[in-house]
Amino acid sequence: MSGVKVQTSYLRGYAGSIDANATRSLGEIRRYCETHCKNTSGMDGTLRPARWITGQMADHMLDLIGRAERTLTGTASDLRSSATFYDQADEKSAEAVWAAADKGFWDSTGVPKNYQEKNAQWSSGQDAKFSQGATFVLRPPAEHHEAQELRHQVHGKVSWIDKIIKYLTGQDLLTKVMPIVLGDWGALRRVSEAWGQLATAFRAVGDDLSEGLSKVSSHWDSSADGRSGASRNFDYQIKGYLIPAFNEVAKICEAFRDACQFMATFYEDCCRDLIFLLNWYGKKIRKAWIALKSAYGMGLWPLLKNTTKLISALWRAIEDLIELIKTEYQKYEDLVKLLISGHEALLGRYRLNAFPETGK
C-alpha cells in the first residue's frame, strides 16, 4: 500500500470505543433523561405550564441523543469497513469511505485546503487498547419539597380571612390562592440538577472521543505530512464536527439548567409575595372586621364599605400575581422554543442528522 501507513487494529479499537459510546454511554444518558428530565411531579397549580416547558425540552434532547447514537454507530461501522479494506490491500476503497460526499457526514470537499492532521506522527506501538465508552457518574437529583412549609403558612393565614370574605362577598379566597402554592418550585430545582448532570456526561463523551482520536491518529497516516488522504479527512470530521457537537449539546443542557433555576427562583418569589399580601391585607381586614362587629347605628355602613374595599384590593392583587406568573412562564416557553431552534441548527451545523434512522 504505497503512501499509506496504518495499523488496522487501532481503527477497529477506536471503532469499538465509538460503538461503546453510542450504546453504553449515550444509552445511560438517554435513560437518565427519560427518568429525571421528564419527571414533572410537583409542577401543579399555576406551576403546571412548567410541565410543557420541561417536557418539550426533554423530548427534543432525547431526539438529539438518538441522532447522536446513529451518527456514532455509523462512524464506527465506516471505520471497521475501512480497516477491512486496508487488510484486503484495497487502499482505494478504504480511502473512498471518508470522501463519500453523498453521505452527508464524510465529505472530503469540505476539508479546508490548509488543514493538517497535527498529531499524525507515526508510532509502531502495538497497544491497541481503547476505552469502552466515556466514564461518568449520573447521580439522581436531590428531591426538593420547598413549598410544603409555605402551604401551611398560607392555610394558617387564609382560613380565618376566608370566612370573612365568604360572609361579605360569597367569594372563596382559599380556592383562589391554593393554585399558586400547589406548585412546588423545588421540582424545578430537581430538574435543573438533572440537566447539569447531563451536561457533564456529554462533555465526558466528547473528551473520550478526543482521547481515542489522538491514539488512532498516530497509527494511521495517509500522507507523510498529514495534509491529504483518508486519515486527514477523518481527523477533520471528528475534530471539527463530532467532538464539538457534544460540547455544544452540553452548553444547551447548561442553558436549560440555568433556566430551570431562574424559573424556580421567580416562582418562589411569587409565593413569598403572596404571603406578604395575605399578611398585610389580613391584618387590615381583621381590624376592619372587629370594628365592624362592634359598630352601631350610622357608623356601620362606612366600616362595611371600607372592609369590602380591602377585600377587593386583596383579590385584585392576587389576580395580578397570577397574571404575572402566566406572563413570565410564557417567556420561558419562548426560551424553550429558542433552545429547540438552536437544537435544530445544531443538527445541521454538526451533521448529527447525516445518518438516517435505518442507516448505520
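Descriptive notes on the structure:
- When residues of region 55-74 are limited to those that are more than 14 Å from Ile252 (Cβ to Cβ) and among the β-branched types (Val, Ile, Thr), the one modelled with the highest pLDDT: Thr73
- Top-ranked residue in region 316-360 [being at pLDDT below 65 and of a type in the set (S, T, N, Q); ranked as farthest from the chain's Cα centre (by Cα)]: Thr358
- Residues of region 20-46 satisfying the condition of being out of contact with any helix residue (DSSP H, G or I) (no Cβ under 6 Å at 6 or more places or on another chain) and closer than 21 Å to Thr327 by Cβ: none
- Under the condition of being outside any helix (DSSP H, G or I) and touching a Ser or Thr at 6+ places or on another chain (Cβ under 8 Å), the residues counted in region 48-80 number 0.
- Thr84 passes every criterion in (1) farther than 30 Å from Ser341 by Cα; (2) at pLDDT below 70 apart from (2).
- Qualifying residue in region 212-226 (condition: part of a helix (DSSP H, G or I), at pLDDT 90 or above and under 27 Å from Ile65 (Cα atoms)): yes
- Selection count where residues are among the β-branched types (Val, Ile, Thr), at pLDDT below 90 and crowded, with 24+ Cβ neighbours inside 10 Å, scope region 178-211: 1
- All positions within region 29-60 that are of a type in the set (Asp, Glu) and surrounded by fewer than 17 Cβ atoms within 10 Å (Cβ to Cβ): Glu34, Asp59
- Residue match in region 2-11 (condition: over 23 Å from the mean Cα position of the chain (by Cα), at pLDDT below 90, of a type in the set (Ser, Thr, Tyr) and not in a helix (DSSP H, G or I)): yes
- Contact map, region 117-140: residues that are of a type outside the set (Ser, Thr, Tyr) paired with residues that are at pLDDT below 65 and surrounded by 13 or more Cβ atoms within 10 Å (Cβ to Cβ), Cβ distance under 8 Å, separation 6+ or inter-chain. Pairs shown: Glu117/Gly226; Lys118/Gly226; Ala120/Gly226.
The values are calculated or read from the model by the stated rules, or taken from the named source; none is laboratory data. No experiment lies behind these values; they were computed from the predicted model shown. Reconstructed Cβ throughout: ideal geometry from the backbone, glycine too, with neighbour counts over all protein chains shown.
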